[in-house]
Amino acid sequence: MVLRERLQWFFRMAVLLFILSSVAFLSALTAMRFAVQGREVPMPDVVGKGVIPAQQILHGRGVGMKVEDRVFSNLPADTVVRQSPPPNMRVKTGSSAHVVLSLGPQKLTIPQLQDRSVRAAQVELLRGGMQLGEVSSVYLPGDGADTVTAQDPAPGNTEVTGPHVNLLVSLGPRPAAYVMPELTGLPITEAQAKLGSAGLRLSKLTPQASSEAAAGTIVGQTPARGQRVDSISTIELQVAE
């Protein structure tokens, strides 16, 4: 009986120790989990903030700041342009936000681009650290084709916030306009002659199977009869095989 009682006592102690150890392990795991979570904070948004306010906001969350680069931008100098990690991402306290600061608008002198070709204007802009912006085209009777007739910003301007220069380019005099003739049903040779006499040029000829029209006869045309066309219009004909 004595041996049996001792064995029972040892068994109860073993079970008790196992329960106590499990509780201690779970408590430690829970405490560690809460401790790790307690060291994480959401990354604040400092883009558009000055460098001093940005540092204060970050330090208030327990996060440092490292300046990775400085770039020209429309934002005032020493303003945060970009940040990493992005806003609201959870980070550990003691980590750092990597930011790019603005150097302010780049001071550029806009060159004279009028009367140059678009290609020459683009090369001149690249040499000055600028870029070609929007290019609009218009027919102008007094200017040659592919010639810059106006620009924005104006030449000599130094108060610019961006490196892009927009151009207005002449297409030259407007081509003479014609009315598209009716070509359907004509032989291909007669259709081509009619286009030539009207100052028009055939751009594309497509063979098309037809059980009703004779071979070599025009069975379709683009543009249709009566539409406005000029010497540079794309004219397509379908001819019966």
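Helix 118-127 versus the longest principal axis of the chain: what is the Cα-based angle in degrees, 0 to 90, to the nearest 10? Helix 118-127 and the main axis of the chain meet at about 30 degrees. Summarising the label geometry, the points placed 7 Å from Cα in the beta-carbon direction at S197 and S231 lie 2.0 nm from one another.
With a simple spin-label model that places each label point 7 Å from the Cα along the Cα-to-Cβ direction, the separation between A154 and N166 comes to 1.6 nm. Here Q131 and A24 are evaluated by their C-beta separation; at R0 = 51 Å the FRET efficiency comes out at 0.15. Farthest towards the positive end of the charge dipole of the chain, among the residues A77, G220, Q114, is the Cα of A77, using unit charges on the Cβ of Lys, Arg, Asp and Glu.
So if I take the alpha carbon set of the chain, get Rg, then get Rh from the Kirkwood formula, what is the Rg over Rh ratio?
1.47
Report the extension gain between V67 and L17 in nm, rounded to one decimal, defined as 0.36 nm multiplied by the number of residues separating them, less their alpha carbon distance.
Extra length from V67 to L17 when fully extended: 12.5 nm.
Which shape class, rounded, prolate or oblate, goes with region 53-172 when its Cα gyration tensor gives a ≥ b ≥ c as root eigenvalues, a/c under 1.5 marks rounded, and past that a/b bigger than b/c marks prolate?
Note, shape of region 53-172 comes out prolate.
For the chain, the longest principal axis of the C-alpha atoms and the axis of helix 188-197 are separated by about 80°.
By the gyration tensor of its Cα atoms, with a ≥ b ≥ c the square roots of the eigenvalues, what is the shape of region 96-165: rounded for a/c under 1.5, prolate for a/b over b/c, or oblate?
Working: a/c = 3.01, a/b = 2.58, b/c = 1.17.
It is prolate, given that a/c is not under 1.5 and a/b is the larger ratio.
Considering the options P53, G196, L183, tell which one lies farthest towards the positive end of the dipole of the chain, charges being +1 on Lys and Arg and -1 on Asp and Glu at the Cβ, about the Cα centre. Checking the options against the dipole of the chain, the answer is P53.
Seen against the Cα atoms of the chain and their longest principal axis, helix 51-60 is set at about 40 degrees. Placing +1 on the Cβ of every Lys and Arg and -1 on the Cβ of every Asp and Glu, with nothing else charged, gives region 118-170 a dipole about its Cα centre of roughly 140 debye. Summing charges over all other residues whose Cβ lies under 12 Å from the Cβ of T93, with Lys and Arg as +1 and Asp and Glu as -1, gives +3.
Sum up the charges of everything whose Cβ sits under 12 Å from the Cβ of P42, counting Lys and Arg as +1 and Asp and Glu as -1, but leave P42 out. Spelling it out: positives minus negatives among the neighbours equals +1.
Charges only on Cβ, +1 for Lys and Arg, -1 for Asp and Glu: so what's the dipole of the chain about the Cα centre, in debye to the nearest 20?
Details: 22 positive and 19 negative charges, 367 e Å.
About 1760 debye.
Were the residues from E124 through N88 laid out at 0.36 nm apart, the gain over their Cα-Cα distance would be 8.6 nm.
Net length available on complete extension from I52 to A224 is 55.1 nm, with 0.36 nm assigned per residue and the Cα-Cα distance removed. Thinking of region 41-102 as a set of Cα atoms, what percent of all their pairs are more than 17 Å apart? It works out to 29 percent of all Cα pairs.
Here, each number is a calculation from the coordinates, and none is a lab measurement. The shown structure was predicted, so the numbers you read here are calculated from the model rather than taken from an experiment. So basically every Cβ, Gly included, is an ideal-geometry build from the backbone, and we count neighbours across all protein chains shown.
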